[in-house]
Amino acid sequence: MKKINLKYFTTLLVALVLSLGLTTAVGFSQNTEELTVGTSAGFPPFEIMEEGDLVGFDVDLMEAIAEEQGFDLQWRDLSFASLIPALDAGKIDVAAAAMTITAERDKKVDFSDPYWSADQAVIIREESELNVVQALMGSRMIGSQTGTTGASWVKEELIEKGIIGDSALRHYDTYVMAVRDLVNKNIDSVVVDTPVAETFTERQPVKVIARLVTGENYGLAVKEGNSELLAELNTGLSKIKDSGKYDELVQKWFE
Ligand code: GLN
């Protein structure tokens with residue numbers, strides 16, 4: 001009978017136990033890393049409350065990234081304008097809210113690789129006969145959501161150029177509220193991102209009358225300097241693009 005080399009056997013056993021332990025430890029730490037994700041439900045189909053549940057493209061996108069990278073997500077619904085302050089204060093780790101990457105925001109937070117492109121659109125009531133000049137430049141009421149690129153467009157292109165007065169722009173906490181006010185005839189138009197404008201036309205008696213080419217890109221935002229988390233998000237994003245999961249979500253929410 002061959003003699004077993006006891007020393008060799010013990011070393012092997014120790015190595016095995018160690019590597020098993022390590023695998024479990026790594027697996028364990030991956031599954032328990034928790035991220036608080038802030039969004040602003042009121043922006044279909046990116047984030048919206050449906051029967052008390054937060055759903056949408058951004059919600060699925062973040063969940064898919066989290067699954068790839070081993071995060072558990074806690075969602076918080078905040079007003080859009082308070083997402084950047086919340087990142088800054090460490091109340092949320094990520095903002096997933098169809099947020100346009102702008103130079104001004106980029107000074108305060110860090111953005112992931114872009115995951116969507118959009119322009120602005122002008123929507124009016126379905127039965128309205130206003131043309132875009134009348135809707136935007138006549139003495140009409142325009143609605144938009146506080147702190148958005150839509151609101152900035154109206155300010156920069158119309159108010160600051162003296163085409164309309166300050167009071168012609170009404171701010172809302174969410175675009176859902178702005179569109180409700182439009183349908184109720186309290187305002188005459190809403191300036192909102194193109195994909196969201198399209199979604200509203202499917203759900204409300206409104207129509208798109210113009211596209212304002214702004215060339216925006218959406219990114220996930222993290223606290224300024226959190227490069228470790230940013231790298232995780234970018235890796236997750238590229239993995240779900242490669243795996244076909246991203247396309248699956250586009251089909252689910254946009255087709
Ligand atoms: N993309 C627009 C922005 O960043 C609107 C985003 C939103 O309302 N969720 O300002």
*Within region 163-180, how many residues turn out to be assigned to a helix (DSSP H, G or I) and within 16 Å of the ligand (Cβ to nearest atom)?*
6
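Being touching a Ser or Thr at 6+ places or on another chain (Cβ under 9 Å) and among the aliphatic types (A, V, I, L, M) is the filter; apply it to region 73-85 and report the residue that is farthest from N217 (Cα to Cα).
Kept after step one, since they are touching a Ser or Thr at 6+ places or on another chain (Cβ under 9 Å), are these residues of region 73-85: 73-83.
Going one step further and asking which of them are among the aliphatic types (A, V, I, L, M), we end up with 73, 78, 81, 83.
Values: L73: 24, L78: 21, A81: 18, L83: 17 Å.
Within region 73-85, the match that is farthest from N217 (Cα to Cα) is L73.
Say we look at region 17-41 and pick out the residues that are of a type in the set (S, T, N, Q) and modelled with pLDDT of 95 or more; which of these is nearest to the ligand (Cβ to nearest atom)?
First, the residues of region 17-41 that are of a type in the set (S, T, N, Q): 19, 23-24, 29-32, 36, 39-40.
The next check asks that each one be modelled with pLDDT of 95 or more; those that pass are 36, 39-40.
On the way: T36: 18, T39: 8, S40: 5 Å.
The selected residue is S40.
Given D166, D173, D181, which one is of a type outside the set (F, W, Y), in contact with a helix residue (DSSP H, G or I) (Cβ under 9 Å, 6 or more places away or on another chain) and surrounded by 15 or more Cβ atoms within 10 Å (Cβ to Cβ)?
From the options D166, D173, D181, the qualifying one is D173.
Table: residues versus (1) free of Cβ contacts under 8 Å to residues at least 12 places away in the same chain; (2) under 25 Å from E248 (Cα atoms); (3) in contact with a Phe, Trp or Tyr (Cβ under 6 Å, 6 or more places away or on another chain).
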position: I48; (1), (2), (3): no, yes, no
position: L54; (1), (2), (3): no, yes, yes
position: M62; (1), (2), (3): no, yes, no
position: F71; (1), (2), (3): no, yes, no
position: W75; (1), (2), (3): no, yes, no
position: P85; (1), (2), (3): yes, no, no
position: V94; (1), (2), (3): no, yes, no
*Just one of the numbered conditions (1) assigned to a loop (DSSP other than H, G, I, E, B); (2) within 17 Å of the chain's Cα centre (by Cα); (3) hydroxyl-bearing (S, T, Y) is not true of S139; which one?*
(2)
*asked:* Given (1) surrounded by fewer than 16 Cβ atoms within 10 Å (Cβ to Cβ); (2) modelled with pLDDT of 95 or more, identify the lone condition not met by V14.
replied: (2)
_Selection count, region 137-162, where residues are in contact with a helix residue (DSSP H, G or I) (Cβ under 9 Å, 6 or more places away or on another chain), more than 14 Å from V179 (Cβ to Cβ), more than 16 Å from the ligand (Cβ to nearest atom) and modelled with pLDDT of 95 or more_ = 2
*asked:* Looking at region 241-255, I want the residues that are within 22 Å of E50 (Cβ to Cβ) and have a partner that is not in a helix (DSSP H, G or I) and not aromatic (F, W, Y) with Cβ atoms under 8 Å, at least 6 apart or on another chain. Which pairs are those?
replied: W253/P45; W253/G56; F254/P45
*Are any residues in region 184-193 touching a residue at least 40 places away in the same chain (Cβ under 8 Å) and surrounded by fewer than 19 Cβ atoms within 10 Å (Cβ to Cβ), and if so, which ones?*
K185, N186
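The values are calculated or read from the model by the stated rules, or taken from the named source; none is laboratory data. Remember, it's a predicted structure, so these values are computed and weren't measured experimentally. For neighbour counting, all protein chains shown are included, and Cβ atoms are generated from backbone atoms with ideal geometry for every residue, glycine included.
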